[in-house]
Amino acid sequence: MSIVPESERPNPYSAYGAHGSVLVLNSGSSSLKYQLVNPVGGEAIAAGIVERIGESSGSVRHTYAGNTTERELEVPNHAAALRLALGLFDEIGPRLADAGIHAVGHRVVHGGERFSRPVVIDDDVVAAIHELVPLAPLHNPANVQGIEVARELLADVPHVAVFDTAFFQALPPAAYTYAIDRDVARAHGVRRYGFHGTSHQYVAGKVARVLGRRVQDLNTIVLHLGNGASASAVRGGVPVDTSMGLTPLEGLVMGTRSGDVDPAVVFHLARNAGMSIDELDTLLNKRSGVKGLSGENDMRQLRRLVEEGDEDASLAFDVYVHRLKKYVGAYLAVLGRVDVVAFTAGVGENDARVRAAVCSGLEGLGIAVDEERNAARAGEPRIISPDWATTLVMVVPTMEELAIARQCVEAVEGLQPSAAVPAG
Ligand code: ADP
């Protein structure tokens, strides 16, 4: 298999031609990220971020036509943040009246068992996202706030919720069920949900598209390695396993999250170190991962420390890679046949050493990276395995905002989900 040149690939999204742009919003507890996207061509027309909402000094950064404007100012709440962003569109460009906004897409972290696809937002959907707060106490409240404010300020266009968990609602029961008392699990919604679904779905689909294959015919392991990190096994476009669980804490070693630990670590520390539930939550979510082991959560800084001979950083890197390798092995077994291992997100797209370390020693399984191909840099999807390898190893930049924008158009128009569009 090889990459089909862009000019020879059909664009299954050209049917969206008449639909202008989509404003994609990602509301965090203290930030609002936005991007105006062309869902057909895929380019970001403008993008920005408002940070430190609710603090005494906040900031905004808006980029349009290659120019970036930055300002420091107090942003009391999410309504003020969105007003600020919309004001910058009119001041710096593109003017909202000329932008042809067709819909607003909201990234929502937790859709529970109710949402397995994007939905056009009405009051019931907002209430349902709110009801899911116990499952995502850090994320869903901010998502709801962003939706409420945006529906008020941009009342003339449809708003769509795109859920991080939706893609993984197709997991088989054997993969999503935790082996705990079934009544307790059912009563409290305890199961694997999986996260980063938009990215895993996009990358698995993109792999097929750039190879000129149908997504139905490919088995892919996707490694999404950003600050948060997750792995998935995707058979014919359908997920069969993923590393994140009830929350985004399970699985791979991340920037500040532990990933898998024996759950008894929690009881042990509660009983013997007198740590409270909140302290344990903070320990595993914010003081663990490569930061907990080395003091640095950013992979670039970690690599710098490794090069300086820092032993803690070296161990952190080894633990990070070891966990990844274990998941690749597990998903090889789950899938039986793997056509592609795809690396994506900040670390996956940029760190050749991580990619080489994960694949080293797997030659006997048909997985390897070619040193020169791995070292090359490009913003486009590319193959980094040697020609003899039976599994392709690829770097595929993720484009979550674009994926959200396209899912938005599909939800508004009632179109076939893009993952099911045959790539050929
Ligand atoms: P998120 O969206 O989860 O915040 P990103 O996908 O932006 O995260 O990834 C952030 C991570 O990517 C950080 O750990 C950062 O160090 C890493 N990263 C970004 N650029 C590089 C690079 N050139 N080399 C190595 N790591 C990088």
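Restricting the stretch 365-379 to residues that are more than 22 Å from Arg304 (Cβ to Cβ) and away from the ligand (no atom under 16 Å from the Cβ), which is surrounded by the fewest Cβ atoms within 10 Å (Cβ to Cβ)? Among residues in the stretch 365-379 that are more than 22 Å from Arg304 (Cβ to Cβ) and away from the ligand (no atom under 16 Å from the Cβ), the one surrounded by the fewest Cβ atoms within 10 Å (Cβ to Cβ) is Glu372. Can you tell which of Asp262, Asp241, Asp217, Asp278 is among the charged types (D, E, K, R) and crowded, with 21+ Cβ neighbours inside 10 Å? Residue meeting the stated conditions: Asp241.
Scanning the stretch 90-139 for residues being in a helix (DSSP H, G or I) and either more than 20 Å from Gly28 (Cα to Cα) or among the charged types (D, E, K, R) (or both) gives a total of 10. Just one of the numbered conditions (1) buried (at least 18 other Cβ atoms within 10 Å of the Cβ); (2) within 15 Å of the ligand (Cβ to nearest atom) is not true of Leu362: (2). Would you kindly identify the strands (runs of 3 or more DSSP E) lying entirely within the stretch 24-89 that contain at least 1 residues that are within 20 Å of the chain's Cα centre (by Cα)? In the stretch 24-89, the matching strands (runs of 3 or more DSSP E) lie at 32-37, 44-51.
Would you be able to tell me the number of residues in the stretch 303-345 that are buried (at least 18 other Cβ atoms within 10 Å of the Cβ) and not in a helix (DSSP H, G or I)? Residues meeting the conditions: 7.
All of (1) over 24 Å from the mean Cα position of the chain (by Cα); (2) of a type in the set (Phe, Trp, Tyr); (3) not in a helix (DSSP H, G or I) hold for Phe267 with one exception: (3). I'd like to know if the stretch 124-145 contains one or more residues that are touching a strand residue (DSSP E or B) at 6+ places or on another chain (Cβ under 7 Å), buried (at least 18 other Cβ atoms within 10 Å of the Cβ), of a type outside the set (Lys, Arg) and more than 21 Å from Gln201 (Cβ to Cβ). Yes, the stretch 124-145 contains a residue that is touching a strand residue (DSSP E or B) at 6+ places or on another chain (Cβ under 7 Å), buried (at least 18 other Cβ atoms within 10 Å of the Cβ), of a type outside the set (Lys, Arg) and more than 21 Å from Gln201 (Cβ to Cβ).
Among the residues in the stretch 390-413, are any within 16 Å of the ligand (Cβ to nearest atom), farther than 21 Å from Gly42 by Cβ and among the aliphatic types (A, V, I, L, M)? Step through it out loud before you land on a result.
Step one: filter the stretch 390-413 for residues within 16 Å of the ligand (Cβ to nearest atom), giving 395-404.
From what's left, farther than 21 Å from Gly42 by Cβ: none.
No, every residue in the stretch 390-413 fails to be within 16 Å of the ligand (Cβ to nearest atom), farther than 21 Å from Gly42 by Cβ and among the aliphatic types (A, V, I, L, M).
Per the listing Met244, Met275, the residue uniquely assigned to a loop (DSSP other than H, G, I, E, B) and touching a helix residue (DSSP H, G or I) at 6+ places or on another chain (Cβ under 7 Å) is Met275.
Any residue in the stretch 44-67 that is over 30 Å from Leu138 (Cα atoms), of a type in the set (Ser, Thr, Tyr) and at pLDDT 95 or above? The answer is yes, given that some residue of the stretch 44-67 is over 30 Å from Leu138 (Cα atoms), of a type in the set (Ser, Thr, Tyr) and at pLDDT 95 or above.
Quick grid of which residues meet (1) in contact with a Leu (Cβ under 9 Å, 6 or more places away or on another chain); (2) more than 16 Å from the ligand (Cβ to nearest atom):
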site	(1), (2)
Ala264	no, yes
Asn272	no, yes
Ser276	no, yes
Gly329	yes, yes
Ala333	no, yes
Val338	yes, yes
Thr344	yes, no
Asn350	no, no
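Out of Ser21, Ser2, one residue alone is touching a residue at least 60 places away in the same chain (Cβ under 8 Å) and closer than 29 Å to Val75 by Cα. It is Ser21.
If the condition is being outside any loop (DSSP other than H, G, I, E, B), within 16 Å of the ligand (Cβ to nearest atom) and not small (Gly, Ala, Ser), then the stretch 213-241 contributes Val222, Leu223, His224, Leu225.
Go through the stretch 52-62 residue by residue and tally those that are in contact (Cβ under 8 Å) with a residue 24 or more places away in the chain and surrounded by 18 or more Cβ atoms within 10 Å (Cβ to Cβ). Step through it out loud before you land on a result.
To start, the set of residues in the stretch 52-62 that are in contact (Cβ under 8 Å) with a residue 24 or more places away in the chain comprises 53-55, 60, 62.
From what's left, surrounded by 18 or more Cβ atoms within 10 Å (Cβ to Cβ): 53, 60, 62.
The number of residues fulfilling the criteria is 3.
Here is a check on your reading of the model: is Leu225 surrounded by 18 or more Cβ atoms within 10 Å (Cβ to Cβ), within 22 Å of Ala356 (Cβ to Cβ) and modelled with pLDDT of 95 or more? So Leu225 passes the test. Looking at the structure I just gave you, is Asp312 of a type in the set (Asp, Glu), touching a helix residue (DSSP H, G or I) at 6+ places or on another chain (Cβ under 7 Å), modelled with pLDDT of 95 or more and within 13 Å of the ligand (Cβ to nearest atom)? It is false that Asp312 is of a type in the set (Asp, Glu), touching a helix residue (DSSP H, G or I) at 6+ places or on another chain (Cβ under 7 Å), modelled with pLDDT of 95 or more and within 13 Å of the ligand (Cβ to nearest atom). Consider the stretch 284-302 and keep the residues that are part of a loop (DSSP other than H, G, I, E, B) and more than 10 Å from the ligand (Cβ to nearest atom). The one that is farthest from Phe317 (Cα to Cα) is Arg287.
The values are calculated or read from the model by the stated rules, or taken from the named source; none is laboratory data. Predicted model, so just to flag it, every value in this text is computed and none were measured. Please note: Cβ atoms are built from the backbone with ideal geometry, for glycine as well, and neighbour counts cover all protein chains shown.
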